[in-house]
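The structure appears right after this line, and notes come after that.
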Amino acid sequence: MTQPQSVAAPPVPRLLAPVAFGIFLLLGVLYPILGPALPRLSEKFGLQASGVAWLLSGNSAGAFAGVVLAGLLPPRFTFERRALLGIGLTLLACLGLAFAPDFPLALLAAVLVGLGFGILDLTTNIWLATRYGDKSAAALNLLSTGFGIGAVAAPLAVGYAGGSFQWPLLICAAFAALLLWPLLILQRQAGAVPVASTEPQEAPLAESIDAAPPPGRSRLILGVFVVLFMVYVAVESGVGSWEVTDLQGRLGLDTASATKIASLYWVMFTLGRLISAPLALRLPPQQLITGGLVLASLSLAAASLPAAAPVAYSLTGLFLAPVFTTALVWLTRELPGRHAPTLVFAGSFLGPVLFAPLIGQANDLYGPIATPISLLGIALLDLAAVLCLIVLVRQRARARLAHGL
């Protein structure tokens, strides 16, 4: 059998690394920025927690739609063009949200911020994962540290702005505008260099889903993986979104003090990602994920005690850190192929859509103490999904052995 002639892949543009880092930094700021501003937004629009929580749900729904849209775009719609689309939407949406005069327009702008976020998130991750060849994993891990830096800066910026996210959003819009120029340069460079015929191309989302549906028990495993990621993101974003509200309600802290404490959650989360790297070399994915969720559940239980809440929430970030990335590794081992990661990546954004209104409603009915209790319940649900997966994977392995596969 003759092998096809390989074409040398074009060199990686020097601008790609700083642009990707900048995009991750922007995403890191946008991801938790609504949470610290919820108390001020409640006052501005005259809403209870359950009402203003729809901003979080709308933002996550937009992110889900952005992931799906990015996956449906045809391969000829290059990474550079997708990133430009995401940056342009983000810029306009940040301006709209910063100056929204009423709640319906703020909700629409929050959805559009999420739409740009979803497009940028999926596009940048796949872009780096396919562009650097054998060094893609290292490049992705290194450049994605920008996300952690942005996530730490977001609550601090809102705190220094007195609980308002108008100025932080305007800074995000200005930063997005700065990214447009290097992205245009990258697009021009990509048009001038022929793409290697052997370079992997991303299929549209619909094609990747339909191309290789998982058979039998694997479909059930995929469904539970979707639940795992969806519920996990609800916990991760839930702490970042509701911690400031909880600390102000139960400890009587001012906005600046509460946001400084809340930023420690993301500091510990970033530290946890660094610590989990060597641990992942020694522990199977399911053990690391289970351990992380058990410890996170214990820390969320401790957060129900007012005096322990600041430290407990910060430790929750440390314990949750390895769950998402390690679960992705576990997923790709159990369900090889492109359709499974795309599905769980999109489905993960539905977590806040479903759970943020429930946390807000519980807050209205039972007060701030409902926040850590609700988050604990969601974390335990995620732990149950992991344990269910362990059982299903073992059952499938036994079935394959019984059939001599």
May I ask you to say which residue of Thr90, Thr78 is of a type in the set (Ser, Thr, Tyr) and at pLDDT 90 or above?
Thr90
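State whether the residues of the stretch 86-96 include one that is polar (S, T, N, Q) and in contact with a Leu (Cβ under 8 Å, 6 or more places away or on another chain).
Yes: one or more hits.
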Qualifying residue in the stretch 268-275 (condition: without any contact (Cβ under 8 Å) to a residue 40 or more places away in the chain and not hydroxyl-bearing (Ser, Thr, Tyr)):
yes
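This table checks each residue for (1) more than 21 Å from Thr371 (Cβ to Cβ); (2) assigned to a helix (DSSP H, G or I); (3) open to solvent by less than 40 Å² (accessible area, probe 1.4 Å).
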{"residue": "Val294", "(1), (2), (3)": "no, yes, no"}
{"residue": "Ala312", "(1), (2), (3)": "no, yes, yes"}
{"residue": "Pro322", "(1), (2), (3)": "yes, yes, yes"}
{"residue": "Ala327", "(1), (2), (3)": "yes, yes, yes"}
Just to be sure I understand the filter: pairs with C-beta atoms under 9 Å, separated by 6 or more residues or on different chains, first member in the stretch 380-405 and in a helix (DSSP H, G or I), second member among the acidic types (Asp, Glu) and buried (at least 18 other Cβ atoms within 10 Å of the Cβ). Which pairs pass?
Leu389/Glu334; Val393/Glu334; Arg396/Glu334
Out of all the residues in the stretch 74-101, which are open to solvent by 10 Å² or more (accessible area, probe 1.4 Å), outside any helix (DSSP H, G or I) and either in contact with a helix residue (DSSP H, G or I) (Cβ under 9 Å, 6 or more places away or on another chain) or among the acidic types (Asp, Glu) (or both)?
Phe77, Thr78, Phe99
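Quick one: count up the residues across the stretch 268-289 that are at pLDDT 90 or above and open to solvent by less than 30 Å² (accessible area, probe 1.4 Å).
2
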Please determine whether any residue of the stretch 35-53 is polar (S, T, N, Q), surrounded by fewer than 24 Cβ atoms within 10 Å (Cβ to Cβ), farther than 23 Å from Leu184 by Cα and in contact (Cβ under 8 Å) with a residue 12 or more places away in the chain.
yes
Tell me which residues, restricted to the stretch 241-258, are open to solvent by less than 10 Å² (accessible area, probe 1.4 Å) and either within 14 Å of Leu315 (Cβ to Cβ) or at pLDDT below 85 (or both).
Glu243
Condition met for Leu56 (among the hydrophobic types (A, V, I, L, M, F, W, C), outside any helix (DSSP H, G or I), open to solvent by 10 Å² or more (accessible area, probe 1.4 Å) and within 30 Å of Gln361 (Cβ to Cβ)):
no
Of the numbered conditions (1) out of contact with any Pro (no Cβ under 9 Å at 6 or more places or on another chain); (2) part of a helix (DSSP H, G or I); (3) within 23 Å of Val227 (Cα to Cα), Pro336 satisfies every one except a single condition; which is it?
(2)
Could you check, for the stretch 178-196, whether at least one of its residues is at pLDDT 80 or above, crowded, with 19+ Cβ neighbours inside 10 Å and out of contact with any Asp or Glu (no Cβ under 7 Å at 6 or more places or on another chain)?
yes
Residue that is surrounded by the fewest Cβ atoms within 10 Å (Cβ to Cβ), among those in the stretch 336-361 that are farther than 10 Å from Ala53 by Cβ and free of Cβ contacts under 8 Å to residues at least 24 places away in the same chain:
Pro336
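Listed here are the residues, each with its yes/no results for (1) touching a residue at least 24 places away in the same chain (Cβ under 8 Å); (2) of a type outside the set (Phe, Trp, Tyr).
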residue	(1), (2)
Ser263	yes, yes
Ala280	yes, yes
Gly292	yes, yes
Ala302	no, yes
Leu318	yes, yes
Phe324	yes, no
Leu331	yes, yes
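The values are calculated or read from the model by the stated rules, or taken from the named source; none is laboratory data. These numbers come from a predicted model, not from an experiment. Every residue, glycine among them, receives a Cβ derived from its backbone with ideal geometry; neighbour counts consider all protein chains shown. For accessibility, only protein heavy atoms count, side chains too; no ligands or nucleic acids. Shrake-Rupley method; radii C 1.70, N 1.55, O 1.52, S 1.80 Å.
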